[in-house]
Amino acid sequence: MGFIRHVVCAISGGVDSSVAALLLKRRGYSVTGVFMKNWDSLDERGTCTTERDCEDAYRVCQALDIPFHQVSYVKEYWHEVFSYLLKEYEKGRTPNPDILCNKHIKFNYFHKYAINTLGADAIATGHYARTSQEDEEVFQQTHAPPPTTLFRDRFEIRHPVRLYKGADLLKDQTFFLSQISQDALRRTLFPLAGLTKEFVKKIAAEAGFHHVLKKRESMGICFIGERNFDKFILEYLEPKPGNYVSIEDGTIMGKHKGWFTLTLGQRARIGGQRDAWFVVDKDITTGDVEMFPFIYFLRLLNFLVQAPTTNHPALFRDTVRTDRFHWIAVDPPPELVRTQMMECHFRFIHQMPLTPCTVTLNMDGTVWISLYHQIRALTPGQYAVLYKGDECLGSGKIIQLGPSEYTLQQGRARLKKEQRGPEPTS
């Protein structure tokens, strides 16, 4: 009898992870299910959704006749994900908790717990994604320490594992996996890689997992759930009231409770206003003070700059800079290293259409991304995720925006006026 591989599968109590565990068992692996508790409070209806999800996960493991474990990462989630979120909101940025959760919790603490404590040969999750490895290659991987320098020795022979889109392009979740480490990816199986969501539901129904099929898909903050965001965030951050300001003439349009309750492109709810107004700026670090004299007061008076239409040119930009970019394969693509420039595709929101772009690599590992056309509401704090064909190359946090179309229009108008010279006097 051959050696049976041990796979530890993260089970959330949802349909995807339940079917992932089922498929692993059908492949003949020794499977262990692990439920992660990462948040410790009731939802707005007074219900502890974590306990309900844990019970659902346990019932799946019972049905599959596999061992079940529960592990708590409440402290780790608070320190490495949620506290970071609060700091980013205070800085006027809009973070992505799902990307951070995968990076710090699922593919770090859970990965180490499965390998080191439970003795797993590999971990598995219910993500819709695939890698360049066959299953047997995953089991042959060993721990590889991260590089100690910015880039690896170019003469070192490496065969990094690649991350590719799942077969179901509508459900593809590589966007949320774009910050995970190469070491974790090398020891990970994605049983749903070649399946569509509809087929996964069919498998769940045939297996009798009706209790998980009835559940709605989670659309809220990772592990926290769906909540009234303004009310929730103000439980943790002190209100910092300020003014809504028109970008066109500096008129004060109303008051807000704190810039961290709003993100770029979002409609602002301003009492007494007949027209819809949208947030176009919360931070002056990328603004041209000379072009927008009132923006200087944004910092002093806690203004939020507003525009009167959802497609105002102040919302459109075509350039962003990221912090040090995280490459899934560890090293940047050879083409980018060789020429410092590369053409690929970009998105900063899950499921948004991919946009062609040119990437420029900086000496400090950060990148500039120039888009082939302008995009609405590019947002600091979100992640710029890059793709080359079906491959997800990695991501970097957006830390700087290029000028908006509104700024460029103002600049062109001023230049044209200067070129005409002074108006003749009669």
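The slack between ASP323 and LYS257, meaning 0.36 nm per residue of separation minus the straight C-alpha distance, is 20.8 nm.
Within 10 Å of each candidate Cβ there may be at most 14 other Cβ atoms; applying that plus a DSSP loop requirement, which GluC sites (Glu not before Pro) in the range 154-217 survive?
Passing both the DSSP loop test and the Cβ count: GLU156, GLU217.
Shape analysis of the range 316-406 places it in the prolate category; the axes a ≥ b ≥ c from the Cα gyration tensor give an a/c of at least 1.5, with a/b above b/c. THR263 contributes an accessible area of around 40 Å² to the protein surface, as traced by a 1.4 Å probe with all chains present.
For the range 6-214, just say rounded, prolate or oblate: build the C-alpha gyration tensor, square-root its eigenvalues into a ≥ b ≥ c, call rounded for a/c under 1.5, and beyond that prolate if a/b exceeds b/c, oblate if not. Since a/c reaches 1.5 but b/c is at least a/b, the shape of the range 6-214 is classed as oblate. The accessible area of ASP230, taken with all protein chains in place and a 1.4 Å probe, comes to roughly 70 Å². Counting only aspartates and glutamates at least 8 places from LYS202 when in the same chain, those with an alpha carbon closer than 20 Å to its own are ASP16, ASP56, ASP168, ASP172, GLU217.
List the lysines whose Cα sits under 26 Å from the Cα of LYS197, skipping any in the same chain fewer than 8 residues away. By straight Cα distance, LYS197 reaches LYS25, LYS37, LYS103, LYS106, LYS165, LYS171, LYS214, LYS215, LYS388.
The values are calculated or read from the model by the stated rules, or taken from the named source; none is laboratory data. This is a predicted model, so every value here is computed, not measured. Cβ atoms come from the backbone with ideal geometry, glycine included; neighbour counts cover every protein chain shown. These accessible areas exclude ligands, DNA and RNA; they are computed on the full protein's heavy atoms, side chains included. Shrake-Rupley method; radii C 1.70, N 1.55, O 1.52, S 1.80 Å.
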